[in-house]
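Throughout, read-outs are computed from the coordinates displayed, never taken from laboratory work. Keep in mind the model is a prediction, meaning the values are calculated, not measured. Note: ideal-geometry Cβ built from the backbone for every residue, glycine included; neighbour counts use all protein chains shown.
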Amino acid sequence: MTGVVLALAAVSFLLVTIFSSGYSAFWRTEIALTIEFDPKLMKVEPDATFDQLQQVNYLALFRKNLERAFPEVTARADRRELAQMFSESAPDLLREMVLADPGLVGARQVVSVLASSSVDMITKGNAPRDIDEARRVISDQQLRWLDRFDESGLLGSRFNSDFFTSGPSRSPELAGLGGAIAGSALLLLVTLLLSFPVGVAAAVYLEEYAPQNRLSEIIEVNINNLAAVPSIIFGLLGLAVVLNFFGLPRGTPLVGGIVLSLMTLPTIIIASRAALKAVPPSIRDGALAMGASPMQVMFHHVLPLAMPGMLTGTIIGLAQALGETAPLLMIGMFAFVADIPGSILDQASALPVQIYLWAESSERGYVELTAAAIMVILVFLVAMNLLAVLLRKKFERRW
Amino acid sequence: MNEKKVTNPALEVSDMQAYQDVAGEVAVEDARVSCRDVRVYYGDKQALFGINLDLGSNAVTALIGPSGCGKSTFLRCINRMNDTIPNCRVEGNIRLDNQDINDPNSDVVELRARVGMVFQKPNPFPKSIYDNVAYGPRIHALAESKDHLDSIVETALKKAGLWKEVADRLNSPGTGLSGGQQQRLCIARAISVQPEVILMDEPCSALDPIATARIEELIDELSENFTIAIVTHSMQQAARVSQRTAYFHLGNLIEVGDTEQIFTNPQQQLTEDYITGRFG
């Protein structure tokens, strides 16, 4: 009883900690700036072509606009500090706006620009504000400007949808999980496609067809042992065999999926064998007595009845694979990949690896991202386990 | 009368062994199935010691005897269900319509289409009532069209006396029926492929008396068209449904004859002891 209470307390403590430090990552601070798309600053004619608009130095446009908004800031160092309050993505934002709507050239518009990670942390209270300048993430001067923005109602906040769609970045305010989610999805796809058929086939062979002899005993013991092998060993195996011997491309979901399949197989085989064992012998007898061949008995009766159990085992195995980090590090899936992978042959990252990379980053802006990424992976895990439970319930109730 | 009865002290010990002195006539004139010297081994252990027995066409033969006497094993020889048990070996000659069913060239799938089986516990497939009955015709490709299959299913369910109860819910699960209905569904499934012989392994042992009475009536009706062998632990049931009765004891056939004769005037002491309830 005490143990249960302690365990529940530990789990709730963990969840509360993760949630309280992670939820703020789903919002981003923005600063509203009036931007004048002055053709002179952009060094183009008002009726410039698309190509010309692409050539514009939008960084200069952004800086000049800042200078106009803060005419009193003249020193080079101060100007740099001012610019550092905004995300590096500000010029890209202006470019996108102009390219999407060339009519903006010559117009004035209020643009919500993403604040830099340091400003974001101060506004959210993730970094202390009332301390010595040397230890604060922004300077006294920046703090004064921030308060000015706040007083004039220019500070805003919006839902951070980029977090789910963009790839990793060296600026915390721009970094997202999109690449890792896509990488994990591709990984699980490869793992599912490889391990489910092989696992089910192995279970059917061992349970239904294998002769009871020393060899099958050895195979059985080994499968049970494989379930307990440390996952990094599978990573080493993948490195030695899949990468070095077969020469498949390093750090791709294909290789990761192969390695995770090896890890998932014992789980699937053990669950599938249990499901096959649970099919009542009277059903097999009934089908055989009707003149069904052993193959027909298998495909018409035994497999459909064992399928819910097999699927449950597979989903549990995949959930395990989703959370696995060590083997992926061994096969090179920890590289900084800014692009979102589109196929199983693209370099990719994965959710747990991204968490690991963010967790060891020195910048403080990644703390909330790490916690938020853990929340995302927990949601996926809970969803998969829920799916397993639902599948089992659904098929159990039917007959 | 008692002095006429044959006694065999060897069979009173629990060691199984061969016993040659069978009372009664094992052969019948119009035999559908004819078994000669059938011996079955489970690994090193012998379970049947040279059984000779004929099953007459369109008649019900009851196999009775104490538990473990080999009557179910014998029954399972006739549709070669013993093939599915590892380490089980069947020797001897079993002929269905004068064809050796254990001939290496004979097809076990075809044999099982000709020799249906109903089990002790109702074992409908976890599918709909319709699919349960249609399964046999489907795998043996007996139906030419959907309508034909429908009529096969309807005929089988009618013959099994289940049609009126399930006609309006053919698509509901077979496992949702009552025990007696499930067993009649299994009988419908067995007769859907028009077998010649139906083997019944204690078909009523899991049913209540009313359901049992239904099945017994049904067996009586079916015996017009099918050759039936039924294993039963109920002497009354054997007396009610069968024309011939065979008494098994410790892997041997002890006595076979007309049911009336076996129950009123058994030739062997063992038979008499069993049917009068002295053991078993």
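Run the dipole for the protein assembly as shown about the Cα centre, Lys and Arg Cβ at +1, Asp and Glu Cβ at -1, nothing else charged, and hand back the magnitude in debye, nearest 20. Don't skip to the answer; put the middle values down first.
Numbers: 57 positive and 74 negative charges, 221 e Å.
Dipole size: approximately 1060 debye.
Can you compute the radius of gyration and Dmax for segment B:24-113, using only the Cα atoms, both in Å?
12.8, 37
Specify the residue with the greatest mean-square fluctuation among A:373, A:292, A:319, computed from a Gaussian network of chain A linking alpha-carbon atoms under 10 Å apart.
Among A:373, A:292, A:319, the largest GNM mean-square fluctuation belongs to A:292.
In the P(r) worked out for the protein assembly as shown, what percent of Cα pairs fall beyond 35 Å?
Everything past 35 Å amounts to 63 percent.
Once you charge only the Cβ atoms, +1 for Lys and Arg and -1 for Asp and Glu, what is the size of the charge dipole of segment B:2-275 about its Cα centre, to the nearest 20 debye?
It works out to roughly 780 debye.
Between their Cα atoms, which of A:277/B:127; B:45/B:71; A:277/B:45 are more than 18 Å away from each other?
A:277/B:127; A:277/B:45
Of A:295, A:193, A:326, whose Cα points farthest to the positive end of the dipole of chain A (charges on the beta-carbon: +1 Lys, Arg; -1 Asp, Glu; origin at the Cα centre)?
A:295
Report the charge-dipole magnitude of chain A in Debye, nearest 20, computed about the Cα centre from +1 at each Lys and Arg Cβ and -1 at each Asp and Glu Cβ.
Rounded to the nearest 20 debye, it is 960 debye.
Between B:209, B:122, B:137, where does the largest GNM mean-square fluctuation fall for chain B, given springs only between Cα atoms within less than 10 Å?
B:209
I need the fraction of alpha carbon pairs in chain A separated by more than 30 Å, rounded to a whole percent.
Result: 57 percent of Cα pairs exceed 30 Å.
With a cut-off of 8 Å between alpha carbons and a minimum separation of six or more residues, what is the relative contact order of segment B:2-275 in percent? Please list the in-between numbers first.
Numbers: 537 pairs, mean separation 78.6, N = 274.
Relative contact order, segment B:2-275: 29 percent.
Name the long-range amide H neighbours of residue B:118: under 5 Å, sequence gap of 5 or more, or other chain; modelled H, no Pro or chain starts.
HN-HN under 5 Å from residue B:118: B:199, B:200, B:201.
Using only the alpha-carbon atoms of segment A:206-297, report the extent along each of the three principal axes, biggest first, to the nearest angstrom.
Per principal axis, max minus min of the Cα coordinates gives 53, 25, 20 Å.
Using only alpha carbon pairs under 8 Å that are at least six residues apart, calculate the relative contact order of chain A and give it in whole percent.
Result for chain A is 20 percent.
Apply the Kirkwood formula to segment A:253-392: the hydrodynamic radius equals the inverse of the mean of 1/r over all pairs of different alpha-carbon atoms; give it in Å with one decimal. Write down the numbers at each step before the final one.
On the way: mean 1/r = 0.0566 Å⁻¹.
The answer is 17.7 Å.
Using only the alpha-carbon atoms, what does segment A:290-343 span along each of its principal axes? Please give whole angstrom values in decreasing order.
Here the spans come out as 60, 21, 17 Å, largest first.
Relative to the longest principal Cα axis of chain B, at what angle does helix B:179-191 sit, 0 to 90 degrees, rounded to 10?
90 degrees
Per residue, how much space in cubic angstrom lies within the convex hull of the C-alpha atoms of segment A:28-160?
Enclosed volume per residue, from the Cα hull, is 111 Å³.
Determine how many Å³ per residue the convex hull of the Cα atoms of segment B:2-275 encloses.
Value for segment B:2-275: 127 Å³ per residue.
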